[in-house]
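Undergrad: Quick one: the structure is below, questions incoming.
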Number of protein chains: 2
Amino acid sequence: MISSVSEPIRPVPEPLASFIAGELMGAIEQGHYKPGTRLVEAEIAQRFGVSRAPVREALRMLMKDDLVMRRPRRGTVVTELSAAEVSEMYEVRSALYAAVVRLFVRRASDGEVAGYAVWRQRINDLAADATVTPARFVDATQAASIYVVERCGNARLQAGFRKMTRQSYRYYAEMAHGTVAHRRELACLATAMLEAMQARDAEAASMLAWRISESNHAAALVAIAAQEKPG
Amino acid sequence: MISSVSEPIRPVPEPLASFIAGELMGAIEQGHYKPGTRLVEAEIAQRFGVSRAPVREALRMLMKDDLVMRRPRRGTVVTELSAAEVSEMYEVRSALYAAVVRLFVRRASDGEVAGYAVWRQRINDLAADATVTPARFVDATQAASIYVVERCGNARLQAGFRKMTRQSYRYYAEMAHGTVAHRRELACLATAMLEAMQARDAEAASMLAWRISESNHAAALVAIAAQEKPG
DNA sequence: ATTTAGACGACTGTCGACAATTTGGCGCTC
DNA sequence: GAGCGCCAAATTGTCGACAGTCGTCTAAAT
């Protein structure tokens, strides 16, 4: 089991705001609150049985992750991104992932590189099986990228990547990895990247990471377009 | 029309929190508050003649930019970065700049690419003149990078890059660009990048952008080390 | 002299109330 | 019937107060 390093071991009672922020975050990410939904402080406060102060703090926390947006005196709404904006986010995510892989190749131990082979194998297996659901395939690719990101040795890079990933997932959901062609391409790229990692070729691996991201980017845009058109 | 916000305390035009956040931000960036300084809500509130509520909001805003850090029930302090952490930030900044240049090459007009030549020329001139102060040289390289960043067509990338740049500047200040060798290297790399841009070679330009960032990164680490050692 | 329990001060977390502002509906005028 | 300004509800911004926690200082015990 991989114990989450960022988990605070705190014997202190958690401030109400953190709890509420967590609840709201989950609700937003699971689509309980849809983009554009207005979050009224008093309403949330009443629902949780607290005053508005901790709710305001919670909303500020969500704002830090760009999960909600706030306009002065006009309230807080769940962030709503256009297709162009989602595309922007993928570009940032791609840049960060490329950097992550570059650092990983430079710093990871041989054992850690070998660890990635396990994830690549899993991706390969799932890509070959047409009965696999998009959600399961997404989980596998996610796990693979997280494995690398956690070992790149740069906490800020890691945080930025996770933030972008978390946000983008609200939009293309699991639909994006449905096509066989896309899965095959990802499996192929992952294999090539693994080889570059083993050869300690940071440039090549980084470039392949970029191409993996671009592939996901393209798939996401297709999924979003399909999602908006038919209704 | 939005009237001048720099008026001491205006209750109407903008929420108090925004005004206070701006004041604090300026104070931090200009070194009035040094890293590690504790920001006590009540004290700030009294100084501005307001209650603690808007001060809390202001501190949250600063937290979004990572200018201050907050630990539950332990208050807010001006962000204090170790050399390792500054190094992390430069890695992120480098990744973003590489992506910026890649997009710029893809999307910018020929005229915009030509515009960069002006900045490169200025960097070249300043690098050749030993009497130029580090501050002036920094301003020139800054302006050049901002020129590109503003035209990359990705607002999130731009925001992220600026955030990293703003923060890192509090640390290495202007000291980093003092050596002639470093200036010469930057001028050389900028020239090469310009040529790659003109040839519309996104990969090459992006790679050179990375190397420019790495050069700045290295210079910054030297400056920081020099700053901490002698005291 | 060092360590540890208790108390004190300082500060943050939370609360309820009031003030200010935006939004939407209503009636009025043209 | 359409456009415009006014009124009222809804919601955020700000305030002062109280409660709870953290760090420290003191004092007693070993």
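Undergrad: Can you tell me how many residues in segment B:26-47 are surrounded by fewer than 18 Cβ atoms within 10 Å (Cβ to Cβ) and assigned to a helix (DSSP H, G or I)?
TA: Number satisfying all stated conditions: 8.
Undergrad: I'm checking my understanding of the structure. Among residues of segment A:27-53 that are away from chain B (no Cβ under 14 Å) and acidic (Asp, Glu), which one is nearest to DNA strand C (Cβ to nearest atom)?
TA: Within segment A:27-53, the match that is nearest to DNA strand C (Cβ to nearest atom) is A:Glu43.
Undergrad: Tally time: how many residues in segment A:31-51 are over 16 Å from A:Val77 (Cα atoms) and out of contact with any Leu (no Cβ under 7 Å at 6 or more places or on another chain)? Walk me through how you get there before you give the answer.
TA: Within segment A:31-51, the first condition is being over 16 Å from A:Val77 (Cα atoms), and the residues that meet it are A:46-51.
Narrowing further to those that are out of contact with any Leu (no Cβ under 7 Å at 6 or more places or on another chain): A:46-49, A:51.
Of the residues in segment A:31-51, 5 are over 16 Å from A:Val77 (Cα atoms) and out of contact with any Leu (no Cβ under 7 Å at 6 or more places or on another chain).
Undergrad: Is it the case that segment A:77-84 has a residue that's modelled with pLDDT of 95 or more and within 13 Å of DNA strand C (Cβ to nearest atom)?
TA: The answer is yes, given that some residue of segment A:77-84 is modelled with pLDDT of 95 or more and within 13 Å of DNA strand C (Cβ to nearest atom).
Undergrad: Within segment A:81-99, which residues are under 18 Å from B:Met207 (Cα atoms) and either more than 8 Å from chain B (Cβ to nearest Cβ) or among the basic types (Lys, Arg) (or both)? If you could, list the steps in order and put the result at the bottom.
TA: Taking segment A:81-99 first, the residues under 18 Å from B:Met207 (Cα atoms) are A:91-99.
A:Arg93, A:Tyr97, listed by residue number.
Undergrad: Go through segment A:54-71 and count every residue that is near DNA strand C (Cβ under 10 Å from one of its atoms) and either more than 19 Å from B:Arg52 (Cβ to Cβ) or among the polar types (S, T, N, Q) (or both). Let's see the steps before the verdict.
TA: Let us first name the residues in segment A:54-71 that are near DNA strand C (Cβ under 10 Å from one of its atoms), namely A:54-58, A:71.
Narrowing the set further to residues that are either more than 19 Å from B:Arg52 (Cβ to Cβ) or among the polar types (S, T, N, Q) (or both) leaves A:71.
So the count comes out to 1.
Undergrad: Quick check on my filter: what residues within segment A:193-224 are hydrophobic (A, V, I, L, M, F, W, C), more than 20 Å from the chain's Cα centre (by Cα) and surrounded by fewer than 17 Cβ atoms within 10 Å (Cβ to Cβ)?
TA: The answer is A:Ala199, and nothing else.
Undergrad: Right, here's the next one. Out of all the residues in segment B:148-170, which are part of a helix (DSSP H, G or I) and either of a type in the set (D, E, K, R) or open to solvent by 30 Å² or more (accessible area, probe 1.4 Å) (or both)?
TA: Matches in segment B:148-170: B:Ala155, B:Arg156, B:Gln158, B:Ala159, B:Arg162, B:Lys163, B:Arg166, B:Tyr169, B:Arg170.
The rows are residues; the columns are (1) small (Gly, Ala, Ser); (2) modelled with pLDDT of 95 or more; (3) surrounded by 20 or more Cβ atoms within 10 Å (Cβ to Cβ).
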{"residue": "B:Val92", "(1), (2), (3)": "no, yes, yes"}
{"residue": "B:Ala95", "(1), (2), (3)": "yes, yes, yes"}
{"residue": "B:Val118", "(1), (2), (3)": "no, yes, no"}
{"residue": "B:Arg122", "(1), (2), (3)": "no, yes, no"}
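Undergrad: Suppose we keep only residues that are aromatic (Phe, Trp, Tyr) and away from chain B (no Cβ under 14 Å) within segment A:131-164. Which one would you say is nearest to the chain's Cα centre (by Cα)?
TA: A:Tyr147
Undergrad: Please specify each residue of segment B:56-77 satisfying the condition of being open to solvent by less than 30 Å² (accessible area, probe 1.4 Å) and near DNA strand D (Cβ under 8 Å from one of its atoms).
TA: B:Glu57
Undergrad: Identify, please: which residue in segment A:102-130 is polar (S, T, N, Q) and under 14 Å from A:Tyr147 (Cα atoms) and is, among those, nearest to the other protein chains (Cβ to nearest Cβ)?
TA: A:Ser109
The values are calculated or read from the model by the stated rules, or taken from the named source; none is laboratory data. The shown structure was predicted, so the numbers you read here are calculated from the model rather than taken from an experiment. Please note: Cβ atoms are built from the backbone with ideal geometry, for glycine as well, and neighbour counts cover all protein chains shown. Ligands, DNA and RNA are excluded from the accessible area calculation, which covers all protein heavy atoms including side chains. Shrake-Rupley method; radii C 1.70, N 1.55, O 1.52, S 1.80 Å.
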